[in-house]
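One structure is given here, and the rest of the page talks about it.
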Amino acid sequence: MTNGSACDQRPRLLVVANRLPVSAKKTGENSWSLKMSPGGLVSGLLGVTSQFDTKWVGWPGVDVINEVEKAALSKSLTEVNCIPVFLNEVFDQYYNGYCNGILCPILHHMGLPEEDPHDTTKTFETQYDAYKKANRMFLDVIVENYEEGDIVWCHDYHLMFLPKFLKEYNNKIKVGWFLHSPFPSSEVYKTLPSRSELLRAILRADLLGFHTYDFARHFIRTCTRILGVEATHEGVVDQGRVTRVAVFPIGIDPDRFIRTCKLPEATQQINELKERFAGKKVILGVDRLDPIKGIPQKYLAFEKFLEENPNWRHKVVLVQIAVPTRNDVPEYRKLKDQVHGLVGRINGRFGSVSSLPIHHLDCSVDFSYLCALYAIADVMLVTSLRDGMNLVSYEFVACQEAKKGVLVLSEFAGAGQSLGAGALLVNPCDVTEVSSAIKEALIMPADEREKRYRVNFQYVYIHSAKKWGDDFMSVLNDTTPESEMQLRK
Ligand code: G6P
């Protein structure tokens, strides 16, 4: 995020996502500190091409009501090319309600949650209204900052109305939309109230991007089944208008991880961790504490492994970083209690005064320490029940030059399709299968580990975040704007 100068001749790109790449924290009267936001979406977006003069539009992570404070924060954000959308009173029903309470479970194949019959202030309808309203607030900020020729790239399920609103404002704007989560089978999507309106809204974009062929295929099939539109090899055709649908698997910036592992700070952390876990194999898990990540299932599989392999007890440790997220959504709060219960049970059953099988942390760790953990792990356990891509698996591979550990990976993560050749693929719901994969990973001979690591490293290195951003922008560039299509008719 460099500061664009006034004479910057590169085309402007407005990257619009719910969350800005930085989050603000109040440090005093009208003063704010900015910190990099968490999450795969943000790290992926940082790889967006430098061919553009990029401005970011999104929520700054805080409520700000006072106009003087809003102006002060906007000014600080301008310095890092960010433009805030203050969502304040709509935030709860839009983000906790519709985005994370309804859309997120549907897109991750978890079905439509039940409405709370006792709370008439928070219904599907009120949450949907807040969602639309929030999308309009994003539009208003874009319109205020729009310059002719700007390209707009919208991100994720938070902003499904934005392509429609943008085209209604000006149908000459090039609009791309990318989904960072899975897109489910039409049978699952069909249960969503307002399913057609949402589909029609994103279809107004010029290009829709998905992580995998399966997600793109599910989306196209859903459009043909629910809207009765036509599908071609290019995408979806609705009333003579083509919306391109294509696959762009996201990646990471591998060099950032490789470099960090070699810095003195990480080297020292690596040595300390090796000493701390001397004589034991380390299994690592790094996930947001989200129901889609399958942390309880992971613990059950580890419990089964310890149960069935007494010789491994006290010789293996599972370090799980469970990064807190979306604490105001009831499902996420319940999950925390469930996971803590399991950790207590397993440590109680298989631990001793000097050794605990699970080290569970309810927090994130700093970047250098994260790289050190990736570097010393013998086995990485990624058991998401569903996941758009899962960049943690890529990050692990990038840090494993010395160790060449084994990646146990859910077949229901997008990464299952890209790293499947080098990983041990598992069905995360099958506790027996995951427990066997843990054993296979722990005893895998060095030459096979090396072979698998090489295949995965090559993939991670080539399919970087930068490539993802460049590929998307190049296809978006080639699309015909809606305004020209209408002239040709
Ligand atoms: C994960 C998901 C993305 C989502 C992001 C938002 O990375 O894969 O689809 O956009 O989380 O996280 P947040 O913390 O902003 O809800």
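Okay, here's what the table says:
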| read-out | value |
| --- | --- |
| The range 13-37: number of residues that are more than 15 Å from VAL152 (Cβ to Cβ) and either more than 13 Å from the ligand (Cβ to nearest atom) or polar (S, T, N, Q) (or both) | 14 |
| Condition met for GLN338 (buried (at least 16 other Cβ atoms within 10 Å of the Cβ), in contact with a Pro (Cβ under 6 Å, 6 or more places away or on another chain), in a helix (DSSP H, G or I) and of a type outside the set (D, E, K, R)) | no |
| Number of positions in the range 406-424 that are surrounded by fewer than 21 Cβ atoms within 10 Å (Cβ to Cβ) and either touching a residue at least 12 places away in the same chain (Cβ under 8 Å) or among the basic types (Lys, Arg) (or both) | 4 |
| LEU103, sole failed condition from (1) more than 16 Å from the ligand (Cβ to nearest atom); (2) part of a helix (DSSP H, G or I) | (1) |
| Exclusive hit being assigned to a loop (DSSP other than H, G, I, E, B), basic (Lys, Arg), surrounded by fewer than 21 Cβ atoms within 10 Å (Cβ to Cβ) and modelled with pLDDT of 95 or more, set LYS439, LYS403 | LYS403 |
| Output for the range 137-175, where each listed residue is more than 14 Å from the ligand (Cβ to nearest atom), closer than 23 Å to SER196 by Cα, part of a loop (DSSP other than H, G, I, E, B) and of a type outside the set (A, V, I, L, M, F, W, C) | ASN170, ASN171 |
| Residue check, ARG217 more than 16 Å from the ligand (Cβ to nearest atom) and in contact with an Asp or Glu (Cβ under 9 Å, 6 or more places away or on another chain) | no |
| Verdict on VAL42 being at pLDDT below 90, within 16 Å of the ligand (Cβ to nearest atom) and either closer than 19 Å to CYS154 by Cα or in a loop (DSSP other than H, G, I, E, B) (or both) | yes |
| 1 or more residues within 16 Å of the ligand (Cβ to nearest atom): qualifying helices (runs of 4 or more DSSP H) within the range 221-332 | 295-308 |
| Meets criteria (touching a Ser or Thr at 6+ places or on another chain (Cβ under 9 Å) and more than 15 Å from the ligand (Cβ to nearest atom)) for VAL90 | no |
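The values are calculated or read from the model by the stated rules, or taken from the named source; none is laboratory data. Keep in mind that what you see is a predicted model, and the values were worked out from it rather than measured. FYI the Cβ positions are ideal-geometry reconstructions off the backbone, even for glycines, and counts take in every protein chain you see.
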